[in-house]
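Each value in this text was obtained by applying a stated rule to the coordinates, not by laboratory testing. All values derive from a computational prediction rather than experimental measurement. Positions of Cβ are backbone-derived with ideal geometry, glycine not excepted, and every protein chain shown enters the neighbour counts.
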Amino acid sequence: MAQIVQVPPVTAGDRPRWSVVIPVHNCADYLAQALPEVLAQLAGRDDAEIIVADDASTDDPGRVVERLGGGKVVFSPNPTHLGAIGTFNRCLELSRGELVHLLHGDDGVLPGFYAGMERALAGSDAVAAVCRVQDIDGDNELLYVTKSYRNGTGIWPDALDAFAVSNRVRAPGIVVRRAAYERIGGYRTDLPHAADWDMWTRLAASGPIMFVDEVLALYRRHGSSDTSVRVQTGENVRERVTAIGVVSGYLPAERRPRTTRKALAYAVVFAGRTALNQARAGNWAAAGHQAREAARCALMLPRGIRA
């Protein structure tokens, strides 16, 4: 059964234009890198709120906020350790803005992010806007730039089908209307590592998605990230398979069988590519787990997954 928390409504009179809510857990150094650019873009506006939600960190992100926030950033510790998804849902509860940017503390934005995303959403009925993103490593070295899913900024016509096959969204590169969160609910608590994928697909099922054909955000890949840890055991692929069964349920029934097979085929490619990368890095145990999960997905292809 879906475990989706409700996002409490905010009255129109209480809404600023922007809410930037930054969940953090033991990433104070990265937070110190991310905050200055957020402040540079929004600190001068009286219609924006910036909140750092701390999930029981031991590296004192409050001191970073005090040192860099200039009185413009609210530091809000969780009442208890909530974990990633619990903290994301608390971030949505804390937000009051018309536009919500959930910016993980180890990610970042590039100059022009907030103006570009606001401009893209203006005058449209899109529930969210997604931009292109730079993947970087722990030392800020460029790894990859996400591709264009359409030529130029505009409505992403096949976003729902694309999202049901794989997670095409980097978390720092999406801005969501809070009204959409209020309508569809928060992050599912029964998908602890694929709740973001589920969220983007639910959003695409609820209304149009705007694609912003500009590189405006930074997504950090580093060895201590949750994703990197799960690669070592193959859990990343196993939950991917579970999530495929969930997100395909947001499609019309006649499109589900073909889409789940496409999603499984992509999972085979994804796990196989990850196995190869792990082998090249000398991580033989992780490579073996990824290869086994690729084979398991391949065996599932003829029958697909029932939503």
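Couple of notes before you dig in:
- For segment 49-88, the Cβ-based charge dipole about the Cα centre amounts to some 120 debye (Lys, Arg positive; Asp, Glu negative; other atoms uncharged).
- With K and R counted +1 and D and E -1, the other residues having a Cβ less than 9 Å from that of ALA164 yield a net charge of +2.
- Local electrostatic count, THR87, Cβ distance below 11 Å [Lys/Arg +1, Asp/Glu -1]: -2
- Here the sum of -39500 (n - 2.57) over DSSP H runs of 4 or more residues, divided by the residues of the chain, equals -13000 deg cm²/dmol at 222 nm, to the nearest 500.
- ASP125, ASP213, ASP196 arranged by Cβ crowding within 10 Å, fewest neighbours leading: ASP125, ASP213, ASP196
- Rounded, prolate or oblate (a/c below 1.5 giving rounded, otherwise prolate when a/b exceeds b/c) for segment 13-220 by Cα gyration tensor: rounded
- Proxy reagent accessibility, fewest Cβ within 10 Å first, across THR58, THR233, THR259: THR58, THR233, THR259
- As a proxy for reagent exposure, VAL215, VAL7 were ordered by neighbouring Cβ count within 10 angstrom, fewest first; the result is VAL215, VAL7.
- Note on the chain: GNM, Cα springs under 10 Å; of HIS25, HIS101, HIS222, the largest mean-square fluctuation is that of HIS222.
- Taken about its Cα centre, segment 33-165 carries a charge dipole of roughly 340 debye when the Cβ of each Lys and Arg holds +1 and the Cβ of each Asp and Glu holds -1.
- In order along segment 132-138, the phi-based Karplus estimate (6.51 cos²θ - 1.76 cosθ + 1.60, θ = phi - 60°) of 3J(HN,Hα) comes to 6, 9, 8, 7, 10, 9, x Hz; Gly and Pro are listed as x.
- Shown here for segment 34-143: GluC sites (Glu not before Pro) in loop regions (DSSP other than H, G, I, E, B) with at most 14 other Cβ atoms within 10 Å, namely GLU141.
- Taking every DSSP bridge with both residues inside the chain, close to 35 percent are antiparallel.
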